[in-house]
1. Can you give the Rg to Rh ratio for region 1-50, taking only C-alpha atoms and Rh from Kirkwood?
2. Compute the acute angle (0 to 90°) between the alpha-carbon long axis of helix 197-216 and the principal axis of greatest extent of the alpha-carbon atoms of the chain; round to the nearest 10°.
3. Which FRET efficiency, nearest 0.05, do residue 107 and residue 8 yield, Cβ-Cβ r, R0 25 Å?
4. Nearest 500 deg cm²/dmol is fine: what mean residue ellipticity at 222 nm does the chain get from its DSSP H runs of n ≥ 4 alone, each adding -39,500 (n - 2.57), divided by its residue count?
5. Only Cα pairs under 8 Å and at least 6 apart count here; give the relative contact order of region 47-185 as a rounded whole percent.
6. With viscosity set to 0.692 mPa s at 37 °C, what whole-number translational diffusion coefficient in µm²/s follows for region 139-217 from Stokes-Einstein and a Kirkwood radius over Cα pairs?
7. Got a sec to turn the phi values of region 73-85 into Karplus ³J(HN,Hα) couplings, 6.51 cos²θ - 1.76 cosθ + 1.60 with θ = phi - 60°, whole Hz, x for Gly and Pro?
8. P(r) tail for region 4-95, what percent of Cα pairs lie past 22 Å?
Amino acid sequence: MHNPDTYYQRSEVSNSDLTALKEVLYPRQQFGDKEKAFRIGSIVDAMISEKQRVDFLNMTIDGQPIDPEEFLFCRELQRALRSEARRDPFLEMVLEKADTQCVMVNRDQRFNNGGFEFTLDTRCKWDWWLSAPRFGGDLKTINVETDAEFENAIDFFDWDRSRAWYMDIANSNQDFIYAISKKNFRVFKKYIKRGDEIYTRGREKYEDLAFKYWCLVI
(Lines give C-alpha, C1' and ligand atoms only; values in the text may rest on other atoms or scores of the structure.)
Protein backbone atom coordinates (compact mmCIF):
# COMPACT_ATOMS: atom_id res chain seq x y z
CA MET A 1 0.00 0.00 0.00
CA HIS A 2 1.54 3.27 -1.16
CA ASN A 3 0.81 6.44 0.79
CA PRO A 4 1.18 9.46 -1.51
CA ASP A 5 2.02 11.71 1.45
CA THR A 6 5.51 13.25 1.24
CA TYR A 7 5.99 13.50 5.02
CA TYR A 8 8.66 10.79 5.12
CA GLN A 9 10.68 12.59 2.45
CA ARG A 10 11.24 15.60 4.70
CA SER A 11 14.70 16.29 6.09
CA GLU A 12 13.88 17.10 9.73
CA VAL A 13 14.53 14.45 12.38
CA SER A 14 11.49 12.40 13.34
CA ASN A 15 10.80 9.89 16.08
CA SER A 16 10.93 7.22 13.36
CA ASP A 17 14.50 8.31 12.59
CA LEU A 18 15.39 7.76 16.23
CA THR A 19 13.79 4.31 16.09
CA ALA A 20 15.82 3.42 13.01
CA LEU A 21 19.02 4.52 14.76
CA LYS A 22 18.14 2.51 17.87
CA GLU A 23 17.59 -0.61 15.75
CA VAL A 24 21.11 -0.19 14.32
CA LEU A 25 22.77 0.52 17.66
CA TYR A 26 20.83 -1.98 19.77
CA PRO A 27 19.48 -4.75 17.52
CA ARG A 28 17.10 -7.19 19.15
CA GLN A 29 15.17 -10.22 18.01
CA GLN A 30 11.95 -9.44 16.18
CA PHE A 31 8.82 -11.41 17.03
CA GLY A 32 5.84 -11.86 14.73
CA ASP A 33 5.27 -10.46 11.25
CA LYS A 34 6.51 -6.87 11.49
CA GLU A 35 5.48 -6.00 7.93
CA LYS A 36 1.94 -7.25 8.48
CA ALA A 37 1.66 -5.37 11.77
CA PHE A 38 2.75 -2.15 10.04
CA ARG A 39 0.34 -2.80 7.17
CA ILE A 40 -2.62 -3.39 9.49
CA GLY A 41 -1.78 -0.25 11.47
CA SER A 42 -1.55 1.81 8.27
CA ILE A 43 -4.91 0.54 7.01
CA VAL A 44 -6.63 1.32 10.32
CA ASP A 45 -5.02 4.77 10.40
CA ALA A 46 -6.40 5.48 6.96
CA MET A 47 -9.88 4.22 7.85
CA ILE A 48 -10.06 6.38 10.97
CA SER A 49 -8.06 9.50 10.20
CA GLU A 50 -7.76 9.65 6.37
CA LYS A 51 -11.11 8.41 5.10
CA GLN A 52 -10.72 10.32 1.85
CA ARG A 53 -8.09 7.75 0.85
CA VAL A 54 -10.39 4.76 1.43
CA ASP A 55 -13.00 3.23 -0.87
CA PHE A 56 -14.88 1.08 1.63
CA LEU A 57 -17.14 -0.49 -0.99
CA ASN A 58 -14.36 -1.67 -3.30
CA MET A 59 -11.85 -2.24 -0.46
CA THR A 60 -9.11 -0.03 -1.87
CA ILE A 61 -6.83 2.65 -0.42
CA ASP A 62 -5.46 5.28 -2.79
CA GLY A 63 -7.01 3.18 -5.56
CA GLN A 64 -4.96 0.12 -4.64
CA PRO A 65 -6.80 -3.09 -3.72
CA ILE A 66 -6.34 -4.39 -0.18
CA ASP A 67 -6.48 -8.07 0.70
CA PRO A 68 -10.18 -8.57 1.57
CA GLU A 69 -9.45 -10.54 4.72
CA GLU A 70 -7.14 -7.83 6.05
CA PHE A 71 -9.51 -5.05 4.99
CA LEU A 72 -12.47 -6.61 6.80
CA PHE A 73 -10.35 -7.28 9.88
CA CYS A 74 -9.27 -3.64 9.96
CA ARG A 75 -12.92 -2.64 9.51
CA GLU A 76 -13.70 -4.52 12.73
CA LEU A 77 -10.89 -2.68 14.51
CA GLN A 78 -12.32 0.63 13.27
CA ARG A 79 -15.78 -0.36 14.50
CA ALA A 80 -14.36 -1.29 17.90
CA LEU A 81 -12.98 2.23 18.29
CA ARG A 82 -16.28 3.74 17.18
CA SER A 83 -18.13 1.56 19.67
CA GLU A 84 -15.77 2.67 22.45
CA ALA A 85 -16.44 6.31 21.54
CA ARG A 86 -20.11 5.83 22.45
CA ARG A 87 -18.96 5.11 26.01
CA ASP A 88 -16.06 7.58 26.10
CA PRO A 89 -17.07 11.25 25.64
CA PHE A 90 -13.45 12.36 25.23
CA LEU A 91 -12.78 9.88 22.44
CA GLU A 92 -16.08 10.82 20.79
CA MET A 93 -14.99 14.47 20.84
CA VAL A 94 -11.57 13.56 19.40
CA LEU A 95 -13.12 11.60 16.52
CA GLU A 96 -15.49 14.46 15.74
CA LYS A 97 -13.29 17.52 16.19
CA ALA A 98 -9.58 16.69 16.02
CA ASP A 99 -7.43 17.61 13.04
CA THR A 100 -5.89 14.44 11.64
CA GLN A 101 -2.44 13.67 10.22
CA CYS A 102 -1.27 17.12 11.33
CA VAL A 103 2.41 17.82 10.55
CA MET A 104 4.47 19.99 12.88
CA VAL A 105 8.06 21.18 12.48
CA ASN A 106 10.34 22.68 15.12
CA ARG A 107 13.40 24.44 13.70
CA ASP A 108 16.52 24.42 15.88
CA GLN A 109 14.89 22.52 18.73
CA ARG A 110 17.25 22.66 21.69
CA PHE A 111 18.51 19.53 23.43
CA ASN A 112 20.68 18.98 26.48
CA ASN A 113 22.74 15.86 27.08
CA GLY A 114 24.55 15.98 30.41
CA GLY A 115 25.08 19.72 30.08
CA PHE A 116 26.06 19.60 26.40
CA GLU A 117 23.59 21.62 24.34
CA PHE A 118 22.85 21.08 20.67
CA THR A 119 20.00 21.67 18.23
CA LEU A 120 18.12 19.63 15.65
CA ASP A 121 15.37 20.44 13.19
CA THR A 122 12.57 18.10 14.23
CA ARG A 123 9.20 16.99 12.92
CA CYS A 124 6.18 14.93 13.89
CA LYS A 125 2.82 13.96 12.43
CA TRP A 126 -0.14 13.74 14.77
CA ASP A 127 -2.87 11.16 14.31
CA TRP A 128 -5.09 13.59 16.21
CA TRP A 129 -4.48 17.24 17.09
CA LEU A 130 -6.88 19.40 19.09
CA SER A 131 -6.08 22.97 18.12
CA ALA A 132 -8.06 24.81 20.81
CA PRO A 133 -6.53 23.12 23.90
CA ARG A 134 -3.26 22.57 21.97
CA PHE A 135 -2.58 18.92 22.54
CA GLY A 136 -3.00 15.70 20.61
CA GLY A 137 -2.65 11.96 20.66
CA ASP A 138 -1.82 8.73 18.91
CA LEU A 139 -3.74 5.74 17.55
CA LYS A 140 -2.24 2.24 17.77
CA THR A 141 -3.16 -1.35 16.97
CA ILE A 142 -1.62 -3.93 19.28
CA ASN A 143 -1.49 -7.64 20.16
CA VAL A 144 -2.39 -7.42 23.85
CA GLU A 145 -5.33 -8.53 25.96
CA THR A 146 -4.75 -7.06 29.43
CA ASP A 147 -3.96 -3.72 31.06
CA ALA A 148 -0.60 -5.04 32.26
CA GLU A 149 0.37 -6.08 28.73
CA PHE A 150 -0.64 -2.65 27.44
CA GLU A 151 1.46 -0.87 30.05
CA ASN A 152 4.45 -3.05 29.15
CA ALA A 153 3.92 -2.29 25.46
CA ILE A 154 4.17 1.46 26.07
CA ASP A 155 7.73 0.93 27.32
CA PHE A 156 8.70 -1.93 24.99
CA PHE A 157 7.64 -0.16 21.79
CA ASP A 158 8.89 3.23 23.02
CA TRP A 159 5.49 4.87 22.79
CA ASP A 160 6.55 6.89 25.83
CA ARG A 161 9.43 8.27 23.76
CA SER A 162 7.19 9.17 20.84
CA ARG A 163 4.66 10.93 23.05
CA ALA A 164 7.33 12.99 24.82
CA TRP A 165 8.86 13.81 21.42
CA TYR A 166 5.54 15.02 20.06
CA MET A 167 4.67 16.95 23.21
CA ASP A 168 7.96 18.83 23.15
CA ILE A 169 7.75 19.68 19.46
CA ALA A 170 4.28 21.13 20.03
CA ASN A 171 5.08 22.46 23.52
CA SER A 172 1.94 20.75 24.78
CA ASN A 173 1.36 19.71 28.38
CA GLN A 174 -0.71 16.59 27.87
CA ASP A 175 -1.17 13.76 25.41
CA PHE A 176 -3.03 10.48 24.94
CA ILE A 177 -2.85 7.05 23.34
CA TYR A 178 -5.74 4.89 22.18
CA ALA A 179 -4.77 1.33 21.22
CA ILE A 180 -7.09 -1.25 19.65
CA SER A 181 -6.37 -4.88 20.48
CA LYS A 182 -6.00 -7.16 17.47
CA LYS A 183 -6.69 -10.11 19.77
CA ASN A 184 -9.97 -9.20 21.49
CA PHE A 185 -10.92 -5.79 19.95
CA ARG A 186 -10.66 -4.11 23.34
CA VAL A 187 -9.69 -0.43 23.29
CA PHE A 188 -6.93 0.57 25.73
CA LYS A 189 -6.21 4.17 26.64
CA LYS A 190 -3.50 6.14 28.38
CA TYR A 191 -3.52 9.84 29.25
CA ILE A 192 -0.15 11.51 29.70
CA LYS A 193 0.85 14.76 31.37
CA ARG A 194 4.10 16.69 31.22
CA GLY A 195 6.28 15.64 34.13
CA ASP A 196 4.56 12.32 34.82
CA GLU A 197 6.35 8.95 34.74
CA ILE A 198 5.63 8.17 31.09
CA TYR A 199 6.62 11.61 29.82
CA THR A 200 9.80 11.67 31.93
CA ARG A 201 10.86 8.20 30.84
CA GLY A 202 10.11 9.01 27.21
CA ARG A 203 12.04 12.25 27.30
CA GLU A 204 15.09 10.50 28.77
CA LYS A 205 14.91 7.98 25.94
CA TYR A 206 14.69 10.55 23.17
CA GLU A 207 17.37 12.83 24.61
CA ASP A 208 19.83 9.93 24.61
CA LEU A 209 19.01 8.92 21.04
CA ALA A 210 18.88 12.51 19.79
CA PHE A 211 22.44 13.05 21.06
CA LYS A 212 23.63 9.87 19.33
CA TYR A 213 21.83 10.98 16.15
CA TRP A 214 23.53 14.40 16.34
CA CYS A 215 26.95 12.72 16.80
CA LEU A 216 26.59 10.02 14.15
CA VAL A 217 24.32 11.40 11.45
CA ILE A 218 24.34 15.19 11.42
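1. Over the Cα atoms of region 1-50, Rg/Rh equals 1.01.
2. 60
3. It comes out at approximately 0.85.
4. That comes out to -14000 deg cm²/dmol.
5. Once divided by the residue count of region 47-185, the mean separation gives 21 percent.
6. After rounding, the answer is 249 µm²/s.
7. 5, 5, 4, 5, 5, 4, 5, 4, 5, 4, 5, 4, 4
8. 46
The values are calculated or read from the model by the stated rules, or taken from the named source; none is laboratory data. This structure is a prediction, so every number in the text was calculated from the model and none was measured. Note: ideal-geometry Cβ built from the backbone for every residue, glycine included; neighbour counts use all protein chains shown. In case anyone asks, the SASA skips ligands and DNA or RNA and just uses the protein heavy atoms, side chains included. Shrake-Rupley method; radii C 1.70, N 1.55, O 1.52, S 1.80 Å.
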